[in-house]
Amino acid sequence: MECIGTVNYQILLNGEPSKPIKSSNGLRQGDPLSPYIFIPCQNILSAMLMKAEADGVIKGIKLGRRSVAINHLLFADDSLIFLKLNRDTCYGLKTLVQTFCDLSGLKMNFPKSEMVVSKN
């Protein structure tokens, strides 16, 4: 991701280009390259969640008594993560998300994040 993070801008001031303005945040919303970078990142997150469940670090939920457990659904830039609520699972998820962020350079937007707990 480091090679994508170097973007330079120039503005015209009185018809003359300014000195280059270097951006430090990489891709911007609406950038046509964005979806093509995002898909491999989501695949990595998905693989990490499936491995964590296989290793017993997290435990997904079942929608019915005879159904298989699911632990996540990914759509565009949204991630829905479904877990049995207990301290170990929450700690495992926190560690997994931090590892993913460290590896990918992405950050979780906590103000846009939500946690819903069911009594069931």
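Brief remarks follow.
- Take the Cα of L12, step 7 Å toward its Cβ, do the same at F100, and the gap between the two points is 4.4 nm.
- Build a GNM of the chain with springs between Cα atoms under 10 Å apart, and of V97, V57, V68 the one that fluctuates most is V68.
- Its DSSP H runs of at least 4 residues, each contributing -39,500 (n - 2.57), put the calculated 222 nm mean residue ellipticity of the chain at -11000 deg cm²/dmol, to the nearest 500.
- Seen against the Cα atoms of the chain and their longest principal axis, helix 87-104 is set at about 30 degrees.
- Legend: calculated FRET efficiency, C41 to L80, from the Cβ-Cβ distance at R0 = 22 Å, rounded to 0.05, equals 0.85.
- Longest site-free stretch - the chain; sites: trypsin sites (Lys or Arg not before Pro), DSSP loop, at most 10 other Cβ within 10 Å: 67-106
- Considering only alpha-carbon pairs that sit under 8 angstrom and 6 or more positions apart, the relative contact order computed for the chain is 16 percent.
- Gaussian network model of the chain, Cα within-10 Å springs - most flexible of N43, N86, N71: N86
- Per-residue 3J(HN,Hα) values for region 40-55, derived from phi via the Karplus relation 6.51 cos²θ - 1.76 cosθ + 1.60 with θ = phi - 60°, read x, 5, 5, 5, 5, 4, 4, 5, 5, 5, 5, 5, 4, 6, 4, 7 Hz in sequence order (x marks Gly and Pro).
- Note on the chain: with a GNM built from Cα contacts shorter than 10 Å, the maximum mean-square fluctuation among S18, S79, S46 falls on S18.
- Fully extending the segment from E114 to L63 would add 16.3 nm, taking 0.36 nm per residue of separation and subtracting the current Cα-Cα distance.
Values quoted throughout were computed directly from the atomic coordinates according to the rules given, and no laboratory measurement underlies them. Keep in mind the model is a prediction, meaning the values are calculated, not measured. Note: ideal-geometry Cβ built from the backbone for every residue, glycine included; neighbour counts use all protein chains shown.
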